[in-house]
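The values are calculated or read from the model by the stated rules, or taken from the named source; none is laboratory data. Predicted model, so just to flag it, every value in this text is computed and none were measured. In this analysis, Cβ positions are derived from the backbone assuming ideal geometry, glycine residues included, and neighbour counts consider all displayed protein chains. Heavy atoms of the whole protein, side chains included, go into the accessibility calculation; ligands, DNA and RNA do not. Shrake-Rupley method; radii C 1.70, N 1.55, O 1.52, S 1.80 Å.
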Amino acid sequence: GLIIFIAELFTMTFLYWLQNDLTVWQSNIIDSIFVTLLCTPLIDYLVLQRCRPHFSNQTGVGKAPYIFIISIAIILAILVFIVMAGIETLSGLRAFVGAEGLWSKSQKGAIIHLVRYGATREVQEYEIFQKLLEKPLGDKQARLELEKENPNLEVAYEGLIRGGNHPNDVRSMAYLFREFRHFDPIDRAVKIWEQADGLITQLDAQGKEMYQLVSSGVQTSKDEIEKNTGAILILDHQLTTLEDDFSL
């Protein structure tokens, strides 16, 4: 039983260390101990009960049960790790699907309130536009940080939370982005995300231009407002296409 526990604990700790960052090693060890404590009695029951003491009296067989036990323990630990890594990956994918929904809703809401601002000239509409634009800008902050060779994960987490994502999801999202960034489907999605961020930057600039037109104190012509509104709606159409492509 002690051999099984030590073998599994070592293997699980090493696999967790490979999967996660050194900064969270305490959590890795706690997770490893927990999983090992759950798995050890199972192997005890399935394996040790079949390794009878009288076998050790036979020449050349004494060490065989222990080698077999350690091998089974390592295999089981690897299988548990694969399952948990798979759950972590799927959790990250689910979080990104939800994040895209939040991103799209914020973008559409920002467009609506910016167009209303041009029509009504009520400053509250522009303030709502700025507030809604914070979510796409927060996600952009996270993407730019995660693209770095040695990202500051706290900055990335902060950006994802600023984007409206649940704090419990940001670790899985960062893990998925970093570990699968060069996997073709993820790479295509991130490139689409990058294009959308560029359009969001343009939308932010159009919003500031609209604000200057309305708040300048000079009688702004209707044609100038309509021209700016037309450019905003073109951006909205382009963003809708990218949002659909990202989801796909």
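Name the single residue, out of those in segment 143-188 being among the small types (Gly, Ala, Ser) and in a helix (DSSP H, G or I), that is nearest to residue 104 (Cα to Cα).
First pass over segment 143-188, keeping only residues among the small types (Gly, Ala, Ser): 156, 159, 163-164, 172, 174.
Narrowing the set further to residues that are in a helix (DSSP H, G or I) leaves 156, 159, 172, 174.
Values: 156: 20, 159: 16, 172: 21, 174: 20 Å.
Checked segment 143-188; the qualifying residue nearest to residue 104 (Cα to Cα) is 159.
Tell me yes or no: at least one residue of segment 201-208 is among the aliphatic types (A, V, I, L, M) and in contact with a Ser or Thr (Cβ under 7 Å, 6 or more places away or on another chain).
No, segment 201-208 has no match at all.
Can you tell me which residue is modelled with the lowest pLDDT among those in segment 78-125 that are of a type in the set (Asp, Glu) and open to solvent by less than 70 Å² (accessible area, probe 1.4 Å)?
Taking the candidates together, the pick is 88.
If you go through segment 209-229 one residue at a time, do you hit one that is within 30 Å of residue 98 (Cβ to Cβ), in a helix (DSSP H, G or I) and open to solvent by less than 60 Å² (accessible area, probe 1.4 Å)?
The answer is no, given that none of the residues of segment 209-229 is within 30 Å of residue 98 (Cβ to Cβ), in a helix (DSSP H, G or I) and open to solvent by less than 60 Å² (accessible area, probe 1.4 Å).
Can you confirm whether residue 136 is in a loop (DSSP other than H, G, I, E, B) and touching an Asp or Glu at 6+ places or on another chain (Cβ under 9 Å)?
no
When you look at residue 128, is it within 22 Å of residue 207 (Cα to Cα), surrounded by 15 or more Cβ atoms within 10 Å (Cβ to Cβ), of a type in the set (Val, Ile, Thr) and free of Cβ contacts under 8 Å to residues at least 24 places away in the same chain, yes or no?
Yes, satisfied.
Looking only at segment 136-167, count every residue that is of a type in the set (A, V, I, L, M), under 18 Å from residue 192 (Cβ atoms) and either touching a Gly at 6+ places or on another chain (Cβ under 7 Å) or open to solvent by less than 50 Å² (accessible area, probe 1.4 Å) (or both) and tell me the total. Break it down into steps so the answer makes sense when it comes.
If we filter segment 136-167 for residues that are of a type in the set (A, V, I, L, M), which is where we start, we get 137, 142, 144, 146, 153, 155-156, 160-161.
Next cut, under 18 Å from residue 192 (Cβ atoms) only: 137, 142, 144, 146, 160.
Now drop any that are not either touching a Gly at 6+ places or on another chain (Cβ under 7 Å) or open to solvent by less than 50 Å² (accessible area, probe 1.4 Å) (or both), which leaves 137, 142, 146, 160.
Result for segment 136-167: 4.
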